[in-house]
1. Within region 232-253, track down each residue that is part of a loop (DSSP other than H, G, I, E, B) and either without any contact (Cβ under 8 Å) to a residue 60 or more places away in the chain or among the β-branched types (Val, Ile, Thr) (or both).
2. Any residue in region 244-260 that is within 14 Å of the ligand (Cβ to nearest atom), of a type in the set (Gly, Ala, Ser) and in contact with a Gly (Cβ under 7 Å, 6 or more places away or on another chain)?
3. Of all residues in region 103-118, which are within 13 Å of the ligand (Cβ to nearest atom) and free of Cβ contacts under 8 Å to residues at least 60 places away in the same chain?
4. Hey, among the residues in region 53-71 that are under 32 Å from the mean Cα position of the chain (by Cα) and at pLDDT below 95, which one's surrounded by the most Cβ atoms within 10 Å (Cβ to Cβ)?
5. List every residue pair whose Cβ atoms lie under 6 Å apart, where the two residues are 6 or more positions apart in sequence or sit on different chains, the first residue falls within region 322-349 and is over 20 Å from Tyr220 (Cα atoms), and the second residue, located anywhere, is assigned to a strand (DSSP E or B).
6. Pull out all pairs, ordered by first then second residue, where Cβ-Cβ is under 7 Å, the residues are six or more apart or on different chains, the first lies in region 123-135 and is modelled with pLDDT of 95 or more and in a strand (DSSP E or B), and the second is surrounded by 20 or more Cβ atoms within 10 Å (Cβ to Cβ) and of a type in the set (Gly, Ala, Ser).
7. Consider Tyr220 carefully, then state whether it is surrounded by fewer than 21 Cβ atoms within 10 Å (Cβ to Cβ), under 30 Å from Leu324 (Cβ atoms) and in contact (Cβ under 8 Å) with a residue 60 or more places away in the chain.
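The values are calculated or read from the model by the stated rules, or taken from the named source; none is laboratory data. For clarity, every value in this text was computed on a predicted model and none was experimentally measured. We place every Cβ from the backbone using ideal geometry, glycine too, and count neighbours over all the protein chains shown.
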Amino acid sequence: MTFSSDIKGEELESVKSQLDAEYEAIKNKKLSLDMSRGKPAAEQLDLSNGILTLPIHNYINCEGIDVRNYGILDGIKECKHLFSQLLNIKESNIIIGGNSSLNIIYDSIARYYIFGKLGSTPWCRLDKVKFLCPVPGYDRHFAICEEFGIDMINIPMKADGPDMDMIEELVKNDASIKGIFCVPLYSNPTGTCYSDQVVERLAGMETAAEDFTIFWDNAYGIHHIYEEEKLANIFDVCAKYGTEDRVLYFFSTSKMTFPGSGVAFIASGDKAIAEIRKRFSIQTIGYNKINQMRTYCFFKTPEGVREHMKALGKLLREKFDIVLDKLNSEFGNSDLLTWDHPKGGYFISVYTLPGCAKETVRLAKECGLILTDAGSAYPYHNDPEDRNIRIAPSYPTNEDLKKAMEVFCICVKLAAVNKIAKEN
Ligand SMILES: Cc1ncc(COP(=O)(O)O)c(C=O)c1O
């Protein structure tokens, strides 16, 4: 059944009672479904089992270092070389860390908070520190800001990246704005790809804060599902303006191999990365080189990585197709729900009628479908219009995903029809 927000009178009554009945029937099925977090399914994880089973032929690396022992602070050369080739970043500007890019992001903020960046005042000594947050965005970025008492400013996400007019105006005039979070390719959760113009403006814009930092979290940088989108190389663009140190670039193999058991890195300009390397040397003698070696032996070359990502993308495409086909058939001719059309990444972002997202999520939960909390993709969990819901299709089986989407669509309609009935 399809209808739009202008439904009224008897038709409204009849649609409402039909949806009430459908909802009760689903509730009685006592389902247990989950579309809440972007975790890979077991069949995706299976594609990386070679990491556990392939022998490391030689634990003495190409530089003569025994990876089983202490030594090498910033990552084995094999791994650095692989990431350098894959993402076109100078090897000397990469530091390989531990198992989680989010952890390096947190530490990076903590470092500037405690010690400052390249001689600037530590953020903990300032009255106010603000960050720009393109929305909808990644909830865990916002959680870090909350933890450090950093004020967050919503920046609307447009089709080609965040609203650059707004960003330029803000950073030019306010020295307390110290950073911005960017997930530049297949953004979490909108799937947005930053255009060349957006990257250029971020690299070249005038900032009142000398320590303004772009947190370039390229978590989905090679996670293509449909046709491949191209992202400009931020370091190449920054080189034109001499702003390479403005960027902290993060990446990890979490969504390539095993989440939480992969390899993460940070990269930046010459000065900023030298400072970070110095601070890393106080934090640790070195990260897990055995895991770095295993990751390298599994992939070997950038082509090896790309082949692997193709196989992963194929599995994810089946799931994305299930979600997108269902949304199209249920809401293609209606204004009750709109959605983004990601070409890669892990998420599909949908937008209900204003004021209906929380209610949709609540209704879904009542009948056994867990969705990411409405509002999660906004700072302070506050979606001003209460419209956005993040769908994470990767984890359920295809069968469960179909069931989950059936439930989801009924809940979207029921929340909408209840709102329309109330307002009529
Ligand atoms: C945008 C983004 N950054 C970082 C992460 C976490 O990555 P890691 O496992 O490397 O900490 C995620 C995971 O969902 C993510 O979506």
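1. The initial filter retains those residues of region 232-253 that are part of a loop (DSSP other than H, G, I, E, B), namely 232-233, 242-243, 253.
Passing the criteria: Ala232, Gly242, Thr243, Thr253.
2. Residues of region 244-260 within 14 Å of the ligand (Cβ to nearest atom): 248-260.
From what is left, the residues that are of a type in the set (Gly, Ala, Ser) are 252, 254, 260.
Those left that are additionally in contact with a Gly (Cβ under 7 Å, 6 or more places away or on another chain): 252, 254.
Checked region 244-260: at least one residue is within 14 Å of the ligand (Cβ to nearest atom), of a type in the set (Gly, Ala, Ser) and in contact with a Gly (Cβ under 7 Å, 6 or more places away or on another chain).
3. We begin by selecting, within region 103-118, every residue within 13 Å of the ligand (Cβ to nearest atom); these are 103-108.
Matches in region 103-118: Tyr106 only.
4. We begin by selecting, within region 53-71, every residue under 32 Å from the mean Cα position of the chain (by Cα); these are 53-54, 56, 67.
Filter once more, so that each one left must be at pLDDT below 95: 53-54, 56.
Details: Thr53: 7, Leu54: 11, Ile56: 14.
So the residue we want is Ile56.
5. Once the first residue is over 20 Å from Tyr220 (Cα atoms) and sits in region 322-349, its partners that are assigned to a strand (DSSP E or B) give Leu327/Trp339; Leu337/Val350; Thr338/Tyr351.
6. Matching pairs, first to second residue: Phe131/Gly179; Val135/Ala377.
7. On the way: surrounded by fewer than 21 Cβ atoms within 10 Å (Cβ to Cβ): no; under 30 Å from Leu324 (Cβ atoms): yes; in contact (Cβ under 8 Å) with a residue 60 or more places away in the chain: yes.
Answer is no for this residue.
Quick grid of which residues meet (1) among the charged types (D, E, K, R); (2) more than 13 Å from Ile51 (Cα to Cα); (3) not assigned by TED's automatic domain parsing to the domain that holds Phe83:
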position	(1), (2), (3)
Asp236	yes, yes, no
Met256	no, no, no
Ile266	no, yes, no
Ala274	no, yes, no
Phe280	no, yes, no
Asn291	no, no, no
Arg294	yes, no, no
